[in-house]
Amino acid sequence: MVTESRVSPGAGRIPSVVGADLLVPLVDGRQVSHGHLDHAASAPCLTAVQQGVNRLLPWYSSVHRGSGFTSRVTTLAYERARASVRGFVGAGCDASVLFTRNTTDALNLLGRALPPDTVVFRFSADHHAALLPWRDAKVCRLGVPVRPQDAMRVLDDALAITSKGPRLVVVTGVSNVTGEVWPVAELADVAHRHGARVVLDAAQLVPHRRLDAAALEVDWVALSGHKLYAPFGAGALVGAPDWLAAAEPYLAGGGATARVTEDAGLESVTWADLPHRHEAGSPNVVGAHAMAVACDTLSTAGWDAIGEHERVLATRLRQGLAGIPGVRLLGMWGPDHPSVGVVSFTVGDGTGAPADQELVATALAAEHGIGIRYGAFCAHQAVRHLVGGADGSAGALRASVGLGTTAEHVERFLGALADLLRHGPRWTYRRSDEGWCPVPDTRREPEFLG
Ligand SMILES: Cc1ncc(COP(=O)(O)O)c(C=O)c1O
């Protein structure tokens with residue numbers, strides 16, 4: 001089967017996404033193409049992923065346990081998915097690949113597998129998924145580095161004064177707030193000089209850049225399928241087997257066991273080895289397969305074409321936003337620091353007073369068919385640090401581009417935002433418990449929702 005691709009605003013051909021020609025309703029009764037500027041939250045499904053899932057579904061059956069031929073096919077698809085994901089993140093052939101629900105789940109799994117007395121080092125700018133799963137460990141909080149070099153310095157200082165027991169450094173690949181690329185190789189180098197291990201939160205990195213985990217010398221990588229154009233509820237933890245093999249299973253149940261006996265009212269369990277040890281219960285075979293197809297498709301398309309497509313859109317997005325009165329772009333390390341197409345900003349009403357970020361996002365969707373994100377993006381400390389003062393609680397707006405974004409989406413967004421900030425919304429809105437709502441709102445959900 002031929003998988004469609006389209007020519008990017010840059011040069012090469014990029015993989016196509018499902019819903020690229022989707023029309024969404026506006027409050028004035030018109031329909032427009034959906035302006036997809038929210039890839040950092042969840043990316044649309046690749047056409048190749050949809051086709052790959054369709055190919056698997058007739059064969060879909062029980063995994064690992066059935067004797068039927070369809071079980072054999074399903075098991076093979078699931079186990080091959082591990083190889084695709086391992087190759088995609090550039091991990092060595094001895095790296096274990098554990099399927100999880102998403103990045104949050106993957107990091108929580110690692111959090112449960114830490115050896116006793118592990119000290120975890122993490123930066124306050126991280127997403128909550130990377131910030132919070134270490135509650136059973138001693139946590140060393142490193143703040144938000146003012147310059148990228150400060151990240152290495154504070155980590156070096158902190159590692160130097162902790163005891164030599166097991167230590168884990170949590171490194172984010174790309175900030176989900178600013179799109180800035182963290183100095184992963186340099187941080188891993190500092191960590192390894194002190195004998196510490198490194199886990200990379202790659203949720204926002206892998207949709208945009210090729211990852212070579214072995215070259216970067218990170219010990220584990222956590223990623224999500226739904227940010228990688230495979231919205232089927234799977235993620236993965238990829239990396240060193242030793243801590244994971246020694247840990248109690250993440251979930252207790254079927255599939256994670258090698259043998260269960262009961263003697264004098266006491267059960268005795270021999271847990272399975274990796275990867276099954278941490279995958280109790282029926283796994284998400286379709287999700288794992290979809291993620292693997294996404295990995296293979298992105299690798300085959302090549303990062304030059306994908307990177308160029310995003311670079312053109314992101315450059316225009318940043319330049320356009322910077323030229324709109326009342327817009328303030330958020331960044332930790334300045335405009336020259338390498339970044340991907342994820343841009344957060346706050347908006348004022350032209351007089352310097354902050355505008356209501358949620359109302360702006362609501363009006364962009366209702367009047368212009370544009371989807372962006374508002375709030376604190378599950379990175380409250382980063383947003384508070386960047387927005388500053390009392391405004392931190394008001395959050396910010398985030399526009400993010402990807403394979404489902406076109407140049408027209410970006411232009412429409414920039415024009416609509418400039419108009420909104422200059423003249424205010426052209427429709428009326430009322431605040432309810434659910435937030436701002438257009439009044440009246442004649443938009444109807446698609447028929448399949450009843
Ligand atoms: C940098 C980063 N890490 C982790 C996560 C958590 O990903 P998930 O919600 O798929 O678990 C996100 C989600 O936005 C993210 O942007």
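Data for the structure
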{"read-out": "Largest to smallest accessible area among THR70, THR103 [probe 1.4 Å]", "value": "THR70, THR103"}
{"read-out": "More than 18 angstrom apart: percent of Cα pairs within the range 73-135", "value": "51 percent"}
{"read-out": "Å³ per residue enclosed by the Cα convex hull of the range 49-300", "value": "126 Å³"}
{"read-out": "Contour excess over end-to-end distance, with Cα ends at THR261 and ARG30 and 0.36 nm allotted per residue", "value": "76.6 nm"}
{"read-out": "Largest-first principal axis extents, alpha carbons of the chain, Å", "value": "75, 57, 48"}
{"read-out": "Dipole in debye (nearest 20) - the range 49-300, about Cα centre, beta carbon charges: Lys, Arg +1; Asp, Glu -1", "value": "440 debye"}
{"read-out": "Alpha-carbon radius of gyration plus Dmax, which is the widest Cα pair, for the range 257-322 in Å", "value": "23.5, 73"}
{"read-out": "Span-like helix ranges in the chain, DSSP H, alpha carbon extent 20 angstrom or more, Kyte mean at least -0.5", "value": "69-88, 285-301, 303-322, 407-423"}
{"read-out": "ASP156 paired with ALA41, simple spin-label distance in nm, labels 7 Å along Cα-to-beta-carbon", "value": "4.1 nm"}
{"read-out": "For the chain, accessible area per residue (1.4 Å probe, heavy atoms of protein chains only), Å²", "value": "45 Å²"}
{"read-out": "Ranked by how many other beta carbons lie within 10 Å on average, peptides 60-69, 274-283, 27-36, 426-435 from highest", "value": "274-283, 27-36, 60-69, 426-435"}
{"read-out": "Stokes-Einstein D in µm²/s, Kirkwood radius over Cα pairs - the range 171-253 at 10 °C with 1.306 mPa s viscosity", "value": "115 µm²/s"}
{"read-out": "Mean residue ellipticity (222 nm) of the chain, computed from DSSP H runs ≥ 4 via -39,500 (n - 2.57), nearest 500", "value": "-10500 deg cm²/dmol"}
{"read-out": "Nearest-0.05 FRET efficiency for ARG112 and ARG431, computed from C-beta distance (R0 60 Å)", "value": "0.90"}
{"read-out": "Separation in nanometres of the label points that stand 7 Å from Cα toward Cβ, at LEU57 and ALA83", "value": "2.6 nm"}
{"read-out": "The range 153-180 versus the range 202-218: alpha-carbon centroid distance in Å", "value": "16 Å"}
{"read-out": "Rh (Kirkwood; distinct C-alpha pairs) - the range 240-360, Å", "value": "20.0 Å"}
{"read-out": "Whole-percent carbon and sulfur share, accessible surface of the range 49-300, 1.4 Å", "value": "52 percent"}
{"read-out": "Cβ crowding within 10 Å averaged over residues, with 310-318, 253-261, 106-114 ranked highest first", "value": "106-114, 310-318, 253-261"}
{"read-out": "For the chain, with +1 on Lys and Arg beta carbons and -1 on Asp and Glu, the positive-most of ALA264, THR428, VAL146 along the dipole", "value": "THR428"}
{"read-out": "Rounded D (µm²/s) - the range 293-375, Kirkwood Rh over Cα pairs, Stokes-Einstein at 20 °C, 1.002 mPa s", "value": "143 µm²/s"}
{"read-out": "Over the range 1-157 - Rg/Rh using Cα atoms and the Kirkwood inverse-distance radius", "value": "1.06"}
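The values are calculated or read from the model by the stated rules, or taken from the named source; none is laboratory data. Bear in mind the structure is a predicted one, so any value in this text is a computation, not a measurement. Every residue, glycine as well, gets a Cβ built from its backbone with ideal geometry; the counts of neighbours run over all protein chains shown. Protein only, heavy atoms only, side chains kept; ligands, DNA and RNA dropped before computing areas. Shrake-Rupley method; radii C 1.70, N 1.55, O 1.52, S 1.80 Å.
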